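Inspection log for the structure reproduced underneath, given as structure tokens.
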Amino acid sequence: MRHPLPDAGTPWADLKARMADYATGDVRWRDGKTAVYVFNAGPEVEQVQKEAYALFMSENGLGPAAFPSLKRMEEEVVGFGLSLLHGPEDAAGVITSGGTDSITMAVKAARDYARKVRGVTGPLNIVLPRSAHPAFDKACAVMEIEVRRTPLVDYLADPAAMAAATDAATVMIVGSAPNFPYGLIDPIGALSELAVARDLWLHVDACVGGYIAPFVRMNGGDVPPFDFELPGVRSMSADLHKYGYCAKGASTVFFRSAELMKFMTFDFRDWPGGRMVTPTLAGTRPGGAISAAWAVMNFLGVEGYRRKHGEVTSARERIEAGARRLGFTILGRPQLGIVAFTRPDVDGLALWAKMRERGWFTSITTEPHALHLMLSPFHATVADQYLADLEWAVENLKAGATTQKLEARYS
Ligand SMILES: *Cc1c(COP(=O)(O)O)cnc(C)c1O
């Protein structure tokens, strides 16, 4: 639909007011009632994100020779990630625009590796658990790779089913740490053994877990090995703009060795514009996403992340305990910031809608119908309110169901 560009410009102050007006229908995530899409680490972190982003907003990560500042910040951020995720001495990585970008580039690298090193010809496939993120399907749709999704056992990847689904044309197997629907870490140890035994490329999708799981473990959480400490893991994705609390537009993709990362890089010179080397899907790369990531990580440090993530896990534990008291079943045994819960007598999707009436904007799972929360540090302050509203919603829906039954009987 066409929308004519105004002939005359508008003063910035007026535009600001209009933007605020446009936003009146948005969720008020700063109140803590949103548990999807936004990671709220509080106003201090938000300020660092914004100011650091603005400082390098016009600079371009496409040109490391022009902007050694960005190159240096990117290398340091990648180094932080690799040290948190047990990267071997020769491991390498880059900042991408997001989890989908990281995953797409990892799939591209694995595909090129299969073609060039293993000499695989003809149709290719990747094998992943049913709970893996659709970003893999998007990447495979673009690259015409078949996706084989295998059934779950107790909401987790089933290594035996995955083993059975692989063949000589399998370019990658995937485990999530954790998966998004249930917030549970797949048995990456067993997948690593499978990968080593069959010489398969194992990618661990730690988009939502890569920058929380190491700190939860430091806080004493029972987090099993899931990263490069397992020998079968060849690549990983970890989003800075999720539990890294960085500004949006920032993720990391890592490889066990610089040699493997070479299969990701696109190096082109057959045009009149000169040689162009791009590590990720993007050409122009926003400097602000890189500088904001660098600033937030240094601002928080290990202590800051441990504290923020401690608030996340304690909010999750309180909500889990409260939900159990109200008669819900938690799906699996979550350890990080995502939790999903269900009950047999009230439909999860109906509950989701009821909770929206009280201002809560969260997510759902469909297998089974369950409420799904992706928690931020700020939720520690509203956990009790959430549980009180959840109790109200359950009572309300049960009463409604009773009324409907009575009406059916007497009409
Ligand atoms: C968020 C997420 C992705 C995709 O990341 P985007 O930044 O939204 O592109 C991939 N995998 C998992 C497990 C995720 O949670």
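The values are calculated or read from the model by the stated rules, or taken from the named source; none is laboratory data. Values in this document were obtained by computation on a predicted structure and should not be read as measured data. Virtual Cβ from ideal backbone geometry, glycine too; neighbours counted across all protein chains shown. With ligands, DNA and RNA removed, areas are computed over all heavy atoms of the protein, side chains included. Shrake-Rupley method; radii C 1.70, N 1.55, O 1.52, S 1.80 Å.
What the table below lists for this structure:
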| read-out | value |
| --- | --- |
| Residues of the stretch 6-35 with amide N under 15 Å of the 7 Å Cα→Cβ point at Glu46 | 20, 23-24, 26-35 |
| For Ala370, residues with placed amide H under 5 Å, excluding near neighbours | Thr365 |
| By average C-beta atoms within 10 angstrom, highest first, the peptides 65-77, 1-13 | 65-77, 1-13 |
| Other-chain or far-sequence residues with amide H under 5 Å of Leu202's (modelled H) | Ile173, Arg234, Ser235 |
| Vicinal HN-Hα couplings computed from phi for the stretch 379-391 (Karplus, 6.51 cos²θ - 1.76 cosθ + 1.60; Hz; Gly/Pro x) | 5, 4, 7, 10, 4, 5, 5, 4, 5, 5, 5, 5, 4 |
| Dipole moment magnitude, nearest 20 debye, the chain about Cα centre, only Lys, Arg, Asp, Glu C-beta charged | 400 debye |
| Extreme residue, positive dipole direction of the chain, given options Gly337, Val296, Pro4 (C-beta unit charges) | Pro4 |
| Inter-label distance, nm, simple model (7 Å from Cα along the C-beta direction), Ala197/Val153 | 1.2 nm |
| Full-stretch length increase - Leu5, Val27 - with 0.36 nm per residue and alpha-carbon distance subtracted | 5.1 nm |
| Residue-normalised accessible area of the chain, given per residue in Å² at a 1.4 Å probe | 48 Å² |
| Extreme residue, positive dipole direction of the stretch 48-297, given options Leu191, Leu260, Ala161 (C-beta unit charges) | Leu260 |
| Extension gain (nm, one decimal) between Leu326 and Gln385, 0.36 nm per residue minus Cα-Cα | 19.8 nm |
| Cut-off under 5 Å, modelled amide H: who pairs with Leu184 long-range | Asn179 |
| Estimated FRET transfer efficiency (Met57, Thr402; beta-carbon r; R0 41 Å; 0.05) | 0.15 |
| Zone residues, the stretch 77-112, relative to Asn298, backbone N less than 14 Å from point 7 Å out along Cα-to-Cβ | 77-80 |
| Estimated Rh, the chain: Kirkwood, alpha-carbon pairs, angstrom | 22.9 Å |
| Links that overshoot a 24 Å alpha carbon limit, given the list Lys138/Lys242; Lys50/Lys108; Lys33/Lys354 | Lys50/Lys108 |
| Candidate aspartates and glutamates - alpha carbon under 16 Å from Lys71, same-chain residues fewer than 8 apart omitted | Glu59 |
| Cα gyration tensor of the stretch 302-399 - equivalent ellipsoid semi-axes, whole Å, descending | 24, 14, 11 |
| Inter-site label distance for Ala164 and Arg307 at 7 Å from Cα along Cβ, in nm | 5.1 nm |
| Over the chain, relative contact order from alpha-carbon pairs under 8 Å, at least 6 apart, % | 22 percent |
